[in-house]
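Undergrad: The structure is given below, and queries will be raised subsequently.
Here, each number is a calculation from the coordinates, and none is a lab measurement. It should be emphasised that the depicted structure is a prediction, and the values quoted were computed from it without experimental measurement. Ideal geometry is used to build each Cβ from the backbone, glycine not excepted, and the neighbour counts take in all protein chains shown.
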């Protein structure tokens, strides 16, 4: 198998020379080239098949973005990763248009190597589906994690970080605070009474789920979707998250595994928002024609864009650096194998079953058995009883919409 080729670009010697030497020892399966200027790097792109470009332009974020723009224009499949001083990393990552990721230049070799591994996996996925890479390069609006997300992560990694400090950060955003408190009081997290304190809510939900809530809510605020009431889609995603979490807990999973399923449930449909934000005129008719039939929706998405919303969601989440287990559950939540294969991880199966149940509810067939024949695996069938019980609770609580389209108030 041919080695993936990585190019390190660093006009002024800072970090990448030492990193390249270290990787040459630890990763003999990679070929790492080093060049000192952007022009030489672009010439390499025209001569060889490159998988990933890592660049360090110091504090000149504008020059780095311009370089990555040229790389993207030449070959959108190439993964683009930038190194920056610590003081600029979060701001650049949350506002970048052309880099897939920015990381701190003082990071240890191991986390940088993990970023590169993930980038090469993303590149391999684009190679398998070139239309995915082309789609990503043509998107005018590609969501990035909010600054709050990076502030929370920085606080978690800081020796001075504390739960109260994180609560103070989140408390500056009233909308996210309200959603977190609402989630903590949903009745599915074991709270003995009303949770009115943000610190207690964060402790109850767990930091990973709180970060996912921050990401999910940011999508709704960041992407311009005029004329669309997204409350129903938010309720759907939250319902999938809650059902999937309960399915994991009821079938032998621990809290960490349940959190993976819950995060995937929250973020599994973000690709639909990206399609809407970038190509509303093409996507609105698809939504209407699919009429909550997810199988038909995926077929029409792939015909129009070359990729379905599940694959697009997974690809973006992978670019954001979410755990592989979350990415897999998002990517595979519509695959029949996720329902009927014994080798599927528990979070992936739980999200797939939760989505199947919610789709049946939206189509008005939640209590029917017309499609039960397709669910032949005992482990999946065993989840249905629990899933339906949770679904009924959500309906009683008014946490999910009545049967019908997930999108409301679509423009005519």
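Undergrad: May I ask for the angle, rounded to the nearest 10°, between helix 86-95 and the longest principal axis of the chain, with both axes built from Cα atoms and the value confined to 0 to 90°?
TA: 50
Undergrad: Can you give the calculated 222 nm mean residue ellipticity of the chain, where each DSSP H run of n ≥ 4 adds -39,500 (n - 2.57) and the sum is split over every residue, rounded to the nearest 500 deg cm²/dmol?
TA: Values: 20 runs with 257 residues, N = 412.
Calculated at 222 nm, the ellipticity per residue is -19500 deg cm²/dmol.
Undergrad: Also, I was wondering about something else. Find how many whole Å separate the alpha carbon centroid of region 341-356 from the alpha carbon centroid of region 236-309.
TA: 13
Undergrad: Quick check: the distance between the Cα centres of region 25-57 and region 143-212, to the nearest angstrom?
TA: 40
Undergrad: In addition: If you take every DSSP beta bridge whose two residues both sit in the chain, what share of them, in percent to the nearest 5, is antiparallel? Please report the intermediate quantities before stating the final value.
TA: Values: 1 of 19 bridges.
Bridges in the chain that DSSP calls antiparallel: roughly 5 percent.
Undergrad: For a footprinting-style exposure proxy, rank 380, 257, 177, 39 by other Cβ within 10 Å, fewest first. Can you show the working numbers first?
TA: Values: 380 22, 257 19, 177 15, 39 12.
Fewest-to-most ranking of 380, 257, 177, 39: 39, 177, 257, 380.
Undergrad: Simple spin-label model, 7 Å along Cα-to-Cβ: residue 172 to residue 341 in nm?
TA: That separation, rounded to one decimal, is 4.4 nm.
Undergrad: Still on this model: Taking neighbour Cβ counts within 10 Å as the exposure measure, how do 64, 69, 104 sort from fewest upward? All intermediate terms of the calculation are to be shown ahead of the outcome.
TA: Working: 64 26, 69 14, 104 19.
The most exposed by this proxy come first: 69, 104, 64.
Undergrad: In nm, to one decimal, how far is the residue 162 label point from the residue 194 one, both placed 7 Å along Cα→Cβ?
TA: Taking the simple label geometry, residue 162 and residue 194 are separated by 2.8 nm.
Undergrad: Angle check, please: helix 109-128 long axis (alpha carbons) against the longest principal axis of the chain (alpha carbons), in degrees 0 to 90, nearest 10.
TA: 70
Undergrad: Continuing with the same structure: Rounded to the nearest 10 degrees, what's the angle between the helix 174-184 long axis and the longest principal axis of the chain, both from Cα atoms, 0 to 90?
TA: 50
Undergrad: Here is a further query. Can you give the extra length, in nm with one decimal, that the chain gains between residue 12 and residue 29 once fully stretched, where that is 0.36 nm per residue apart less the Cα-Cα distance?
TA: 3.4 nm
Undergrad: What Kirkwood hydrodynamic radius do you get for region 298-337 when you take the inverse of the mean 1/r over all pairs of distinct Cα atoms, in Å?
TA: Details: mean 1/r = 0.0966 Å⁻¹.
In region 298-337 this quantity evaluates to 10.3 Å.
Undergrad: Classify region 1-80: rounded, prolate or oblate, from the alpha-carbon gyration tensor (a ≥ b ≥ c, eigenvalue square roots; a/c under 1.5 rounded; otherwise prolate if a/b is larger than b/c)? Display every interim value, and only then the final one.
TA: On the way: a/c = 2.08, a/b = 1.16, b/c = 1.80.
Verdict is oblate for region 1-80.
Undergrad: Now for a separate question. Place the peptides 41-54, 263-276 in order of packing, highest mean first, counting for every residue the other Cβ atoms within 10 Å and averaging per peptide. Intermediate values should be presented prior to the final figure.
TA: Details: 41-54: 17.8, 263-276: 26.5.
Taking the mean over residues of other Cβ atoms within 10 Å, the ranking is 263-276, 41-54.
Undergrad: Let me ask something else. According to a simple spin-label model (label point 7 Å from Cα along Cα-to-Cβ), what is the distance in nm between residue 141 and residue 291?
TA: About 2.8 nm, to one decimal.
Undergrad: Here's another thing I want to ask about it. Taking R0 as 30 Å, what's the FRET efficiency between residue 381 and residue 207 from their Cβ-Cβ distance, rounded to 0.05? Show your work: numbers first, answer last.
TA: Working: r = 34 Å, r/R0 = 1.13.
Plugging the Cβ-Cβ distance into 1/(1 + (r/R0)^6) gives 0.30.
Undergrad: If you don't mind, another one. For the chain, what is the Kirkwood estimate of the hydrodynamic radius, computed as the reciprocal of the mean inverse distance between distinct Cα atoms, to one decimal in Å?
TA: Working: mean 1/r = 0.0446 Å⁻¹.
So the Kirkwood estimate lands at 22.4 Å.
Undergrad: Which of 20, 245, 288 comes first, and how do the rest follow, when ranked by fewest Cβ neighbours within 10 Å? Could you put the intermediate results ahead of the total?
TA: Working: 20 16, 245 30, 288 12.
Fewest to most other Cβ atoms nearby, the residues stand as 288, 20, 245.
Undergrad: Taking R0 as 51 Å, what FRET efficiency do you get between residue 46 and residue 389 from their Cβ-Cβ distance, rounded to the nearest 0.05?
TA: On the way: r = 59 Å, r/R0 = 1.16.
The calculated FRET efficiency here is 0.30.
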